[in-house]
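Contents: one structure, followed by commentary.
The values are calculated or read from the model by the stated rules, or taken from the named source; none is laboratory data. Computed from a predicted model, the values in this text were never measured in an experiment. So basically every Cβ, Gly included, is an ideal-geometry build from the backbone, and we count neighbours across all protein chains shown. To get the accessible areas, we keep the full protein, side chains included, count just its heavy atoms, and leave off ligands, DNA and RNA. Shrake-Rupley method; radii C 1.70, N 1.55, O 1.52, S 1.80 Å.
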Amino acid sequence: MPLALLALAISAFGIGTTEFVMMGLLPDVAGDLHTSVPRAGYLVSAYALGVVVGAPLLTALGSRVPRKHLLVALMGLFTVGNLASALAPSFGPLVAARALAGLPHGAFFGVGSVVAARLAAPGRQARAVATMFLGLTVANIVGVPTATLLGQHLGWRVTFLVVAGIGVLAMGALALLVPPVPREAGGGLAHEVRALAAPQVLLALLTAVFGFAGVFAVYSYLASMSTQVTGFSATSVTFVLALFGTGMTLGALAAGRLTDRAPRATLYGSLAALAVVLLLFDVTVHVKWAAPVTVVLLGAVGFMTTTPLQMLVMHKARHAPVLAAASNHSAFNLANAGGAWLGGAAIAAGWGWTSPTLVGAALAVAGLAIAVTAGALDRDANGSRVVAGAHLEHVPQHQDA
């Protein structure tokens, strides 16, 4: 693995840890800042809002900045946001700090995906992008449980100080290990915006919104399902979440190789499998030995959708791919918010704790329908399909931006 990918993975690990750790720390933060747990949930929404706004905004502002310098700057902003979270004197400033920490998330993964693909050998670009995403998945196995336990025993502020330290480490790794990478010929903000408006790019983003919402319709309530339906103790929830992260990692490892071979087939297969696993979970969630196995499968097939979507977006906007790749993460966070809202609405309507599984399956089917429609529209005159990544040329590491 090129050392540059290691630097990107370390950065992704820090981002993944801060994104998901708040879910486990909500009771501690609420108690310390004298607010309710539901109100403390705004801290999760604030981060997601920061991602949605920051992805296109920071990508646009950094369109003329050399890729390597932009990556270091984005991790610098990430570090400041987490440090501000640790030092926030009250709830309001903490909400603002969480939004600040979320701002660089999408832009970093957008730029990082393009850099990873351009540093990879031809035919291995999706695997390079998936390697970066491994940092995000490993965060759910190691980073989030460890940071949650740390926050519960030493105070939630210590958690964000540690994450800020990871940010400093990531900045150093990026500065030392990532080579200069040139921008695309004829690039610039106008080209990026035009590329983003391409129908195939918009359809891919819409697929992400619906398809990935199916994952978060269930993941957002996985802890409650585990205790209320499966019968696990509250202390076992961390183990269940770590199993989901294990599945994500397995999915990322499989998605890279499969996407390099057949991106659209990988996307179709993962979305179809997601719908099936969500329907299966509606049954297995009642069985203590079967529920954890299904959680691993859910994490795997859910995260397998991310790499083909990222590569398809980058290919369809290949002459100016960064804004489109960053906007893909805005789409994923809209999916997070929308899936959580729809799953919660089903529970609030009295349909039961397992109802989000059916909501999630319907969303996955909707995402699959959009993906298949996009594939049908993408046929060329001979009826063949374009392979994503085919035009993401390998860039020698000595070239400058």
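Please go through region 115-133 and pick out each residue that is among the β-branched types (Val, Ile, Thr), out of contact with any Ser or Thr (no Cβ under 7 Å at 6 or more places or on another chain) and closer than 19 Å to PHE303 by Cα. Hit for region 115-133 is THR131, nothing else. Restricting ALA55, ALA99 to residues that are within 24 Å of VAL158 (Cβ to Cβ) and surrounded by 18 or more Cβ atoms within 10 Å (Cβ to Cβ) narrows the list to ALA99. Considering the conditions (1) touching a residue at least 40 places away in the same chain (Cβ under 8 Å); (2) over 19 Å from LEU177 (Cα atoms); (3) open to solvent by 20 Å² or more (accessible area, probe 1.4 Å), ALA121 is excluded by exactly one of them, (2).
Here LEU334 meets each of (1) open to solvent by 10 Å² or more (accessible area, probe 1.4 Å); (2) part of a helix (DSSP H, G or I); (3) of a type outside the set (Ser, Thr, Tyr); (4) over 30 Å from SER63 (Cα atoms) with one exception, condition (4).
Can you tell me which residue within region 10-34, out of those that are open to solvent by 20 Å² or more (accessible area, probe 1.4 Å) and of a type in the set (A, V, I, L, M), is farthest from ARG67 (Cα to Cα)? Applying the filter and picking the extreme gives LEU33.
Results for (1) part of a helix (DSSP H, G or I); (2) modelled with pLDDT under 90; (3) closer than 20 Å to VAL313 by Cβ, shown as yes or no for each residue.
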| site | (1), (2), (3) |
| --- | --- |
| LEU77 | yes, no, no |
| LEU83 | yes, no, no |
| GLY110 | yes, yes, yes |
| GLY123 | no, yes, yes |
| ARG127 | yes, yes, yes |
| ALA139 | yes, yes, no |
| VAL142 | yes, yes, no |
| ALA147 | yes, yes, no |
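Scanning region 186-206 for residues that are modelled with pLDDT under 70 and open to solvent by less than 30 Å² (accessible area, probe 1.4 Å) yields a total of 4.
Yes or no: ALA128 closer than 27 Å to PRO2 by Cβ and open to solvent by less than 20 Å² (accessible area, probe 1.4 Å)? So ALA128 passes the test.
Considering region 287-298, and only residues there that are under 15 Å from VAL237 (Cα atoms) and in contact (Cβ under 8 Å) with a residue 40 or more places away in the chain, the residue that is most open to solvent (accessible area, probe 1.4 Å) turns out to be LYS288. Are any of the residues in region 62-69 open to solvent by less than 10 Å² (accessible area, probe 1.4 Å) and not in a helix (DSSP H, G or I)? Yes: one or more hits. The condition (being under 21 Å from LEU377 (Cα atoms) and hydrophobic (A, V, I, L, M, F, W, C)) is satisfied by just one residue among ALA254, ALA317: ALA317. Only residues that are of a type in the set (Gly, Ala, Ser) and over 16 Å from the mean Cα position of the chain (by Cα) were counted in region 129-152, giving 2. For the residues GLY76, GLY24, GLY41, GLY14, the requirement of being under 25 Å from GLY245 (Cα atoms), in contact with a Pro (Cβ under 9 Å, 6 or more places away or on another chain) and not β-branched (Val, Ile, Thr) singles out GLY24.
Within region 139-161, being of a type in the set (A, V, I, L, M) and surrounded by fewer than 22 Cβ atoms within 10 Å (Cβ to Cβ) holds for ILE141, VAL142, LEU149, LEU150, LEU154, VAL158, LEU161.
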